[in-house]
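Q: I am attaching a structure below and will ask some questions about it afterwards.
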Amino acid sequence: MLPDDRADVFYSKYSGGGMDITGYSALVRKKVTENFAIEANYFVDKVSGASVDVLSQASVIKDTRKQKTVSVEYLHDKTTYNASFIQSVERDYISNTAHISLSQDMFGDLTTVTLGFSRTRDKVGENNGTANVPIVNWLGHADTRNYDVGISQILTKNLIAGINFEVVTDSGFLANPYRSVRFLDAQTPKGYGLASQVYPDTRTSTAVQTQMKYYLPYRAAVTGSYRFFRDTWGIIGHTVELDYTHPIGKEWILEGRARYYRQNSATFYSDLFAIAGQQNFEARDQNLASQNNTTIGVKATWAFRPDGWLFFKRMTLTGDIERIRFSYSNFRDIRDFGVPQYTPGSEPLYEFSATVYQIFMSAFF
Amino acid sequence: MRSLTRVLPLSALLLLGACSIQPWVKPYERDRLADPIMAWDRDAVSAAYLDHIRESREGSRGATGGAGGGCGCN
């Protein structure tokens with residue numbers, strides 16, 4: 001059977017590291033027949049501020065991103081086919097993605113195998129004007145292909161396991177145009193100069209995630225997952241997450257989660273190069289730096305209409321808050337710290353905290 | 001010898017295919033697995049949003065089960 005029809009309205013806010021991002025979303029999913037469903041989602045991000053390395057040489061950015069997604073799903077016997085189209089538009093970045101997947105139940109419905117493929121074409125630009133009067137210079141394109149395989153397996157009447165494997169390949173303009181590298185230069189007041197990043201024009205990554213979910217002796221569930229990532233840029237990342245789900249009666253579901261992530265830096269990354277043009281590829285993007293982050297989150301879902309209302313089977317209200325602490329081991333805060341107290345390369349290592357809020361209402365019909 | 005190394009694995013696969021695997025968890029034993037708390041993702045929009053936040057700030061990507069689009073997220 002296909003999932004229930006539903007409608008969701010969603011509000012989110014990310015606040016931290018100099019950035020405030022407010023998001024709004026609406027989603028509707030409807031079965032046209034018992035075997036065919038359509039889903040549409042509209043998401044708007046409003047960004048105010050910018051991350052620290054962008055602020056090091058740019059003014060505050062204000063931008064709006066609008067994302068539209070349309071999906072169709074078809075169930076035939078034990079096979080589910082899915083096709084989606086996603087378009088994301090900002091004034092300096094346009095992205096179009098087509099995705100197809102197939103899920104097959106087998107071995108007495110104990111096993112579900114999913115195969116997926118996505119193709120994305122991005123147009124990358126740089127705003128050389130201001131937040132209120134933008135002047136966009138289009139720099140190039142980026143092409144991405146995702147190949148993924150997933151297996152979900154019922155192991156016992158209380159235990160399920162899953163494994164997902166995904167390969168992503170990119171080519172084209174892959175750098176963030178608002179970030180720069182820095183190099184030692186005694187001729188400048190700050191002791192360093194800035195230059196454009198130079199990225200490879202290809203990237204291939206592999207990720208594998210394993211997860212298990214266990215139904216405890218009382219009505220509750222615990223989930224553990226681990227993801228391993230590596231790519232051709234030299235980054236290796238590890239993600240561990242633990243979740244606990246505890247329902248209370250038929251109206252409340254409470255959840256808690258803890259997540260830890262760490263990675264090393266890309267091979268062509270440096271916080272401070274010795275000279276300009278030191279190597280062929282150079283980056284100072286904080287996303288490519290050695291870092292770790294820790295997340296603690298809580299979520300509460302209240303079924304304020306557990307038995308339905310009018311033509312709705314069930315209605316719920318959900319609130320979710322998480323706190324993330326980011327810490328970098330080779331990316332320094334050059335925005336607030338510099339000469340004469342801090343010579344280039346001795347500034348404090350960057351760290352910051354962010355809070356993410358979500359609140360959404362879901363109606364099932 | 002070389003043909004034997006090709007034939008043996010193929011034969012093993014054929015034999016496995018000829019066996020029908022009986023489900024060791026019977027349908028009437030799956031009531032707990034059908035509980036909404038045992039779903040991998042109960043709220044797809046929320047899960048996709050959190051994935052997006054993490055991919056915008058970390059070097060890792062993929063294998064989380066979602067299909068996202070690109071963005072120029074700074």
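Q: Going toward the positive end of the dipole of the stretch A:6-364, with +1 on Lys and Arg Cβ and -1 on Asp and Glu Cβ, which of A:ALA221, A:VAL47, A:SER101 do you reach last?
A: Of the candidates, A:ALA221 comes out farthest on the positive side.
Q: Taking the Cα of A:THR33, stepping 7 Å toward and past its beta carbon, and measuring to each backbone N in the stretch A:60-93: which are under 19 Å?
A: A:71-83
Q: With a sphere of radius 10 Å drawn around the Cβ of A:LEU2, what net charge do the other residues whose Cβ falls strictly inside it have (Lys, Arg +1; Asp, Glu -1)?
A: -2
Q: Further, regarding this structure: Count, for each residue of B:33-42, the Cβ atoms from other chains sitting within 10 Å of its Cβ, then give me the mean as a whole number.
A: Partner Cβ neighbours, averaged per residue: 6.
Q: Report the residues of the stretch A:309-338 in range of a label on A:GLU251: point 7 Å along Cα→C-beta, backbone N strictly under 14 Å from it.
A: Those under the cut-off are A:315-317.
Q: Taking each residue of A:36-45 in turn, how many C-beta atoms of other protein chains fall within 10 Å of its C-beta, and what is the average?
A: 1
Q: Next question. For the protein assembly as shown, what does the helix formula give at 222 nm: sum of -39500 (n - 2.57) over DSSP H segments with n ≥ 4, over the residue count, nearest 500 deg cm²/dmol?
A: When only DSSP H runs of four or more count, the value is -2500 deg cm²/dmol.
Q: Please state the charge dipole magnitude for the protein assembly as shown, taken about the Cα centre, from unit charges on C-beta atoms (+1 on K and R, -1 on D and E), reported in debye and rounded to the nearest 20.
A: Computed charge dipole of the protein assembly as shown: roughly 480 debye.
Q: Express in nm, to one decimal, how much length is gained between A:ASP20 and A:HIS238 on full extension, taking 0.36 nm for each residue of separation and deducting their alpha carbon distance.
A: Gain on extension, A:ASP20 to A:HIS238, equals 75.8 nm.
Q: Shifting gears a bit: Give me the aspartates and glutamates in straight-line cross-link reach of B:LYS26: C-alpha distance below 19 Å, same-chain residues under 8 apart excluded.
A: A:ASP105, A:ASP109, B:ASP35
Q: If you don't mind, there's one more thing I want to ask. Taking the Cβ of B:ALA34 as the center, what net charge do the other residues with Cβ under 12 Å away carry, scoring Lys and Arg +1 and Asp and Glu -1?
A: Once positives and negatives cancel, what remains is -1.
Q: A further question on this structure: Between the alpha-carbon centers of the stretch A:163-189 and the stretch A:19-47, tell me the distance in whole angstrom.
A: Each part reduced to its Cα centre gives a spacing of 31 Å.
Q: Hey, if you put +1 on the Cβ of every Lys and Arg and -1 on every Asp and Glu Cβ in chain A, which of A:GLN153, A:GLN279, A:GLY17 ends up farthest toward the positive end of that dipole?
A: Value computed over the given set: A:GLN153.
Q: Among residues other than A:PRO348 whose Cβ falls under 9 Å from its Cβ, what is the net charge (Lys/Arg +1, Asp/Glu -1)?
A: Charge balance in the 9 Å sphere: -3.
Q: Could you tell me which residue out of A:THR343, A:SER329, A:LEU110 lies farthest along the dipole of chain A toward its positive end? Charges go on the beta carbon: Lys and Arg +1, Asp and Glu -1, centred on the Cα centre.
A: Checked the options; the winner is A:LEU110.
Read-outs throughout are calculated quantities, based only on the coordinates presented, and are distinct from any laboratory measurement. Every value quoted in this text rests on a predicted model; they were computed, and no experiment measured them. With ideal geometry, Cβ positions are generated from the backbone for all residues, glycine too; neighbour counts draw on all protein chains shown.
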